[in-house]
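Working notes, structure below.
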């Protein structure tokens, strides 16, 4: 024990022989060579590599060891590598603790909604790819769903299966990468992220052979899909999906009980359940707080009512729960995929009533929403009978999930802000639109 | 989903009992999805929203989507054919009458219930006009989820939400003047033009070129 920790004598503390210093309130404090302070209530505990109960990992206090000096205002971003894009946080710090945090964004704003109102319904589909550029297929689906509601189009069964398969594959790669990014934010440089990217690449290969593009898929159309599956695609997908649980086993074995992950995420960025509902938080963030609300179950859009899957729920609403929810959701997605790849029928892939040219829905409005990997993605459209939508609105999940960023970060350490932001899972293409 | 309970007439009568004095109007949606909505008057919007959130039959605890819509002033032309006697001869005369429909801005709220898992109930609140009368009550005190979305409407449509805790521009920069999502918005030639020292150099070069041209090289 004493070989691992070097003693640093501080005022008001007296040291004993075995390199342990004791504070006035009987708690013992160790300081490692790396500058981390461990405190625990039971001074007799011998230290092992396993995390002991009652231990709390704390970053180094400010230079004189006191909290309550002058406040420091810093600007994190917009060119900060941990902000996942051009995103800025105006953080006010008291020592290491956050006392105020204001998210500032809009650096990527190009007024997607205005552009879409100036063009035809069809021409906006490629643009939806660029919202959440990790999950272009779910963006396509949400938009097509809203237009199908507006125009009353029916999607053929084969197309519904293809939509579910592509959407669940999108969810797999999004959640896998999020796990990787989250660990990258914690300082696990590379390894978990590269494992996740290896799996993502297999899924992107599938997207490429199906749609022609890895990320900007532009695949779904009103009332169906653009083209049918290429020969051998189903077999290749089956192989990828059947191999995926093995990756998850590895990933979980590497990370789930990882000491660094646990101590940096458990109890960090706790989001109370009532606040999550009140602030319209959706997706894995919401379910990590224990609220059972998955639009695949609630709305049963597409043909999700035919598949058996469970909705994983968290208990604590902290960063660790958000990570675990995503891992468990991937397991459920694999089930849906195996079922869908087995059952997919032959048949047409587009509604014969759907028109590509001269598409003019009757005057009216529709709100269509799906469970995108990041939360509820909705499109609200108003038609005035012309070829262009009168009003085109995107309800972006990561934009609204940022509402409670300040609430989660208050009182936390500045280093944890990065992890809390990472656990929200934002994509700036969607936040700024 | 209980379709009867979510029929707009049902909600209307229920809210009218719960919030005395509220004026509600059903907006029929012509599209096949038939998501009808309710227009609430500005004075009672906050109370109606609170009622919908707390009423045990509805429990609209989740505001999914908040957005603005711009309805500019429109003129409706009506052609009326009348028979009149002109110079002793009866003639059919067409008279066009122009009716002006005043414009307004609208905030649309899509409400769902996470507890009872039903919805959507769509609320619309309309401003008096598109100029000074652009104030609406903020529903952020009822649903925190409206906070950023109302800021976005303020930013892009210019609706001022009274009672919003932090009403600032969110996507555009603070110094930006206009409201880009309005239908009559005109894009500036250059968004971020600022005079630079380079301008003076250009001006000088231009003057020199003119001088050279007029004096023809002498």
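Here are some residues: A:105, A:181, A:207. Which one is within 29 Å of residue A:235 (Cβ to Cβ) and surrounded by fewer than 24 Cβ atoms within 10 Å (Cβ to Cβ)?
Working: A:105 fails: within 29 Å of residue A:235 (Cβ to Cβ); A:181 fails: within 29 Å of residue A:235 (Cβ to Cβ).
The unique qualifying residue is A:207.
Let's see how each residue does on (1) assigned by TED's automatic domain parsing to the domain that holds residue B:133; (2) at pLDDT 90 or above; (3) not in a strand (DSSP E or B):
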residue: B:35; (1), (2), (3): yes, no, yes
residue: B:44; (1), (2), (3): yes, no, yes
residue: B:59; (1), (2), (3): yes, no, yes
residue: B:65; (1), (2), (3): yes, yes, no
residue: B:79; (1), (2), (3): no, no, no
residue: B:82; (1), (2), (3): no, no, no
residue: B:90; (1), (2), (3): no, no, no
Verdict on residue A:320 being in contact with a helix residue (DSSP H, G or I) (Cβ under 8 Å, 6 or more places away or on another chain), modelled with pLDDT of 90 or more and under 30 Å from residue A:263 (Cα atoms):
yes
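Rundown of residues vs (1) buried (at least 23 other Cβ atoms within 10 Å of the Cβ); (2) touching a strand residue (DSSP E or B) at 6+ places or on another chain (Cβ under 6 Å); (3) under 19 Å from residue A:396 (Cα atoms), yes/no style:
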position: B:117; (1), (2), (3): no, no, no
position: B:124; (1), (2), (3): no, yes, no
position: B:128; (1), (2), (3): no, no, no
position: B:131; (1), (2), (3): no, no, no
position: B:134; (1), (2), (3): no, yes, no
position: B:141; (1), (2), (3): no, no, no
position: B:146; (1), (2), (3): yes, yes, yes
position: B:156; (1), (2), (3): yes, no, yes
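To keep it simple, each residue is scored yes or no on (1) free of Cβ contacts under 8 Å to residues at least 60 places away in the same chain; (2) touching a helix residue (DSSP H, G or I) at 6+ places or on another chain (Cβ under 7 Å); (3) within 14 Å of chain A (Cβ to nearest Cβ).
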{"position": "B:27", "(1), (2), (3)": "no, no, yes"}
{"position": "B:44", "(1), (2), (3)": "yes, no, no"}
{"position": "B:49", "(1), (2), (3)": "no, no, yes"}
{"position": "B:63", "(1), (2), (3)": "no, yes, yes"}
{"position": "B:68", "(1), (2), (3)": "no, yes, yes"}
{"position": "B:86", "(1), (2), (3)": "yes, no, no"}
{"position": "B:91", "(1), (2), (3)": "yes, no, no"}
Index of the failed condition, residue A:386 passing every other in (1) within 23 Å of residue A:297 (Cα to Cα); (2) more than 10 Å from chain B (Cβ to nearest Cβ):
(1)
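Determine whether residue A:269 is part of a loop (DSSP other than H, G, I, E, B), away from chain B (no Cβ under 14 Å) and out of contact with any helix residue (DSSP H, G or I) (no Cβ under 7 Å at 6 or more places or on another chain).
On the way: part of a loop (DSSP other than H, G, I, E, B): yes; away from chain B (no Cβ under 14 Å): yes; out of contact with any helix residue (DSSP H, G or I) (no Cβ under 7 Å at 6 or more places or on another chain): no.
Here the answer is no, as residue A:269 does not meet what is asked.
Report yes if residue A:195 is part of a helix (DSSP H, G or I) and either touching a strand residue (DSSP E or B) at 6+ places or on another chain (Cβ under 8 Å) or within 14 Å of chain B (Cβ to nearest Cβ) (or both), otherwise no. Reasoning before the result, please.
Values: part of a helix (DSSP H, G or I): yes; either touching a strand residue (DSSP E or B) at 6+ places or on another chain (Cβ under 8 Å) or within 14 Å of chain B (Cβ to nearest Cβ) (or both): no.
It is false that residue A:195 is part of a helix (DSSP H, G or I) and either touching a strand residue (DSSP E or B) at 6+ places or on another chain (Cβ under 8 Å) or within 14 Å of chain B (Cβ to nearest Cβ) (or both).
Quick one: which strands (runs of 3 or more DSSP E) lie wholly within region B:99-156 and hold at least 1 residues that are at the interface with another protein chain (Cβ under 8 Å from one of its Cβ atoms)? Talk me through it step by step, then tell me what you get.
Numbers: elements: B:104-113, B:118-126, B:135-137.
Hits in region B:99-156: B:104-113, B:118-126.
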Would you check if there is a residue in region A:364-379 being assigned to a loop (DSSP other than H, G, I, E, B), over 23 Å from the mean Cα position of the chain (by Cα) and either surrounded by fewer than 24 Cβ atoms within 10 Å (Cβ to Cβ) or within 13 Å of another protein chain (Cβ to nearest Cβ) (or both)?
no
Taking region B:169-184 as the search range and keeping residues that are facing chain A (nearest Cβ under 9 Å) and in contact with a helix residue (DSSP H, G or I) (Cβ under 8 Å, 6 or more places away or on another chain), which one is surrounded by the fewest Cβ atoms within 10 Å (Cβ to Cβ)?
B:169
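What do you reckon, is residue A:133 within 13 Å of chain B (Cβ to nearest Cβ) and touching a helix residue (DSSP H, G or I) at 6+ places or on another chain (Cβ under 7 Å)?
On the way: within 13 Å of chain B (Cβ to nearest Cβ): no; touching a helix residue (DSSP H, G or I) at 6+ places or on another chain (Cβ under 7 Å): yes.
The answer is no for residue A:133.
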Please enumerate the residues belonging to region A:303-330 that are over 23 Å from residue A:404 (Cβ atoms) and surrounded by fewer than 17 Cβ atoms within 10 Å (Cβ to Cβ).
A:303, A:305, A:306, A:308, A:310
Any idea how many residues of region A:248-276 are on the phi > 0 side of the Ramachandran plot and buried (at least 20 other Cβ atoms within 10 Å of the Cβ)?
1
Taking region A:382-394 and keeping only residues that are under 16 Å from residue A:127 (Cβ atoms) and free of Cβ contacts under 8 Å to residues at least 40 places away in the same chain, one is left with none
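The values are calculated or read from the model by the stated rules, or taken from the named source; none is laboratory data. Quantities reported herein were computed from a predicted structural model and do not represent experimental measurements. Cβ atoms come from the backbone with ideal geometry, glycine included; neighbour counts cover every protein chain shown.
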